[in-house]
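Sharing a structure below in structure tokens format, with a few things to ask.
The values are calculated or read from the model by the stated rules, or taken from the named source; none is laboratory data. Values in this document were obtained by computation on a predicted structure and should not be read as measured data. Using ideal geometry, Cβ is built from the backbone for each residue, glycine included, and neighbour counts are taken over all protein chains shown. These accessible areas exclude ligands, DNA and RNA; they are computed on the full protein's heavy atoms, side chains included. Shrake-Rupley method; radii C 1.70, N 1.55, O 1.52, S 1.80 Å.
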Amino acid sequence: MFRIASIIKFDNVSKEFKAHGSTFSAVKNVSLEIERGSIFGVIGHSGAGKSTLVRLINQLETQTHGVVEVLGENVGSLNESELKKLRRKIGMIFQGFNLFKSKRVWQNVEFPLKLAKIGKTERIEKVEQLLEFVGLSEKRDAFPAQLSGGQQQRVAIARALATNPEILLADEATSALDPETTLDVLKLLKRVNREFGITIVLITHTMSVVRLICDEIAVMDSGEIVEVGAVKEIFDNPKATATKNFVNTLEQLERGVLDDE
């Protein structure tokens, strides 16, 4: 049974890719729900299918089978105009930041507002608010190359928030950052969730990240969801082999243990 508060639902969803005469299943028969207002983590090793799964939410990838429901809409049934409208409610940030290198910080954050045909006065007010929120007001005229990795990700977060999304997708958003900067960005994402009530779907291959920020997590392995539950429950009693491996590796790292045997 899906919960009434669910904002994203996957019902028996699969995604297949065809190449060189063969078919590869990146996502296999996934049924999953994400509660409105939560921070939900999807963890798995490279190639597990987690990034493909998240791209099904805003239909950057389309499912081969099954139903994806977002904000009460069956996204597979939407036409281009309806899908464009839905995507304005879904922000996205990436590992590589995806900023316009030739545009200043202000222009990067303003860009989605221009696309949405927001008036100049309202754009100015919104960009000022967002830059203050992410702590980059003094960097408004800088180019991305003049910023640290953490600062660039803050710009990307500000840009993703520009259209007042209800959902924020974070695909390996901290993978390119050092541990201290990762912690700062995670704190900022938690503020985004707490102060704006935005549902965050966090894709990662790092167990420490989901433990720090997520309410619930799903563990993916070879395209399948092998375990899902509350963070404490998953850490205290991992059931799937993939989950046990993630938890054991994190525990070893925290103890400073390197097993050379």
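Tell me the mean residue ellipticity at 222 nm calculated for the chain from its helices only (DSSP H runs of n ≥ 4, each -39500 (n - 2.57), averaged over every residue, nearest 500).
Only helices count here, giving -11500 deg cm²/dmol.
Mind giving me the FRET efficiency for F143 and N248? R0 is 35 Å, r the Cβ-Cβ distance, nearest 0.05 is fine.
E between F143 and N248, to the nearest 0.05, is 0.20.
Sticking with this one: Kindly flag which residue pairs out of K187/K244; K18/K85; K89/K126 have an alpha-carbon separation exceeding 20 Å in this structure.
Those over the limit are K187/K244; K18/K85.
Please compute the alpha carbon radius of gyration of the range 1-155, then divide it by the globular-protein estimate 2.2 N^0.38 Å. Two decimals is fine.
Against the empirical 2.2 N^0.38 Å value, I get 1.23 for the range 1-155.
Ranking request for peptides 111-120, 51-60: highest mean number of other beta-carbon atoms within 10 Å first, then the rest in descending order.
Ranking the peptides 111-120, 51-60 by packing returns 51-60, 111-120.
So, with a 1.4 angstrom probe, what is the percent of accessible area on the chain that is carbon and sulfur?
47
What share of all Cα pairs of the chain, in percent, falls into each consecutive 10 Å distance bin?
P(r) over the chain, rounded to whole percents: 7, 29, 34, 22, 8, 1, 0.
Could you report the chain's accessible area per residue, 1.4 Å probe, as an integer in Å²?
Dividing the accessible area of the chain by its residue count gives 52 Å².
Pop out the ³J(HN,Hα) list for the range 119-130 in order, Karplus 6.51 cos²θ - 1.76 cosθ + 1.60 with θ = phi - 60°, rounded to Hz; leave Gly and Pro as x.
The phi angles translate into x, 4, 4, 5, 4, 4, 4, 5, 5, 4, 5, 5 Hz.
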